[in-house]
1. Any residue at all in region 250-264 that's touching a residue at least 12 places away in the same chain (Cβ under 8 Å), β-branched (Val, Ile, Thr) and under 17 Å from SER61 (Cα atoms)?
2. For region 217-227, state whether one or more residues are farther than 24 Å from ASP131 by Cα and either over 19 Å from the mean Cα position of the chain (by Cα) or free of Cβ contacts under 8 Å to residues at least 40 places away in the same chain (or both).
3. When region 1-15 is examined, which residues are found to be touching a Cys at 6+ places or on another chain (Cβ under 9 Å) and either modelled with pLDDT under 95 or part of a loop (DSSP other than H, G, I, E, B) (or both)?
4. Can you name the residue in region 62-82 that is closer than 15 Å to ILE276 by Cβ and among the aliphatic types (A, V, I, L, M) and is also surrounded by the fewest Cβ atoms within 10 Å (Cβ to Cβ) among such residues?
5. If you scan region 51-69, which residues turn out to be farther than 15 Å from SER122 by Cβ and without any contact (Cβ under 8 Å) to a residue 24 or more places away in the chain?
6. Among ALA247, ALA242, which is part of a strand (DSSP E or B) and either crowded, with 18+ Cβ neighbours inside 10 Å or small (Gly, Ala, Ser) (or both)?
7. Quickly run through region 109-146 and pick out the residues that are closer than 24 Å to ILE168 by Cα and at pLDDT 95 or above.
Amino acid sequence: MAFEPEMKLFGGTSNQTLTLEVCDYLGIDPGMITTKTFSDGETQVEIQENVRGRDAFIIQSTCTPVNDNLMQLLIIMDALRRASAKRITAVIPYYGYGRQDRKVKPRVPISAKLVADLVTVSGANRVVSMDLHAGQIQGYFNIPVDNVFAAPVLLKYILSNFQDNLVIVSPDAGGVERARAFAKRLNASLAIIDKRREAPNVAEAMNIIGEVEGKTAIILDDMVDTAGTLTQAAQALVERGASATHACCTHAVLSGPAIERIEASPMDSLVVTNTIPLNGKTGACKKITSLSIAELLGETIKRINSSHSVSTLFV
């Protein structure tokens, strides 16, 4: 499937390796852009080539430092809009603030909606993201949103590395739909962990619903942040007789004590994707394996540019 020649793909500084991998898949050079930071922290951006009438894509994960990367994305889009790009697509593999998608108590913001408004006002005509924390975030935008799933990449890895007698485990009630879909594709059984969160980034695994004894348990989640949920889930599965415990997550936030917790846990391995750069964390923890989603993102970008269906990628 050929793409139109007027496409330009730019990358912010949050995940430059992923940008280069996507460009390599598409057979194009990354767009020429310079980003600078003033001594007081202000971001300055300059597009160094003609984008008038072009179909412009920007790859930028809003991962740590979240606010700096988000602001850079907004400024890049504003620069492209003022340079008369025909269409601007914000490719945000990891959508920061996605966990703040609703009011959980009085007098708190819905930050995921605020970020959606900022992205739209800055000039985005379309958004591509991957495994949004909550599907309803798509509705926060008044522009088209493609929520791409990392499932094809993760499923391929599981099929290649794990044998029969699998049980797919959802670490909480909110992830049951995702875990059920994987279990169906893998012809595996399903288990659910009853998790009760006492405070932000603090979780306690209370009970396991389903049979895990003697099985290879694969915990499935959209992200791993401080790894409290995953490591407690792994411990609970081992105590219930699981023969091995592994985890698959799309977004490797890995903040705070995450690496130490993973190393000390009974979890045998953690498989993530490169929506967020690990920056040497795989060296600090040998249990972590990173898979590239460059081909999946590249194919999505190619199909958007050529006005072909994106949903057929997941049939």
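1. Yes, region 250-264 has at least one match.
2. no
3. SER14, ASN15, listed by residue number.
4. This residue is VAL66.
5. PRO65
6. Unique residue meeting the criteria: ALA247.
7. Passing the criteria: MET130, ASP131, LEU132.
Rundown of residues vs (1) farther than 18 Å from ALA150 by Cβ; (2) in contact with a helix residue (DSSP H, G or I) (Cβ under 8 Å, 6 or more places away or on another chain); (3) surrounded by 21 or more Cβ atoms within 10 Å (Cβ to Cβ), yes/no style:
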site: ALA217; (1), (2), (3): yes, yes, yes
site: THR226; (1), (2), (3): yes, yes, no
site: ALA233; (1), (2), (3): yes, no, yes
site: GLY256; (1), (2), (3): yes, no, no
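The values are calculated or read from the model by the stated rules, or taken from the named source; none is laboratory data. All values reported here derive from a predicted model rather than from experimental measurement. Neighbour counts are summed over all protein chains in view; Cβ atoms, including those assigned to glycine, are modelled from backbone coordinates with ideal geometry.
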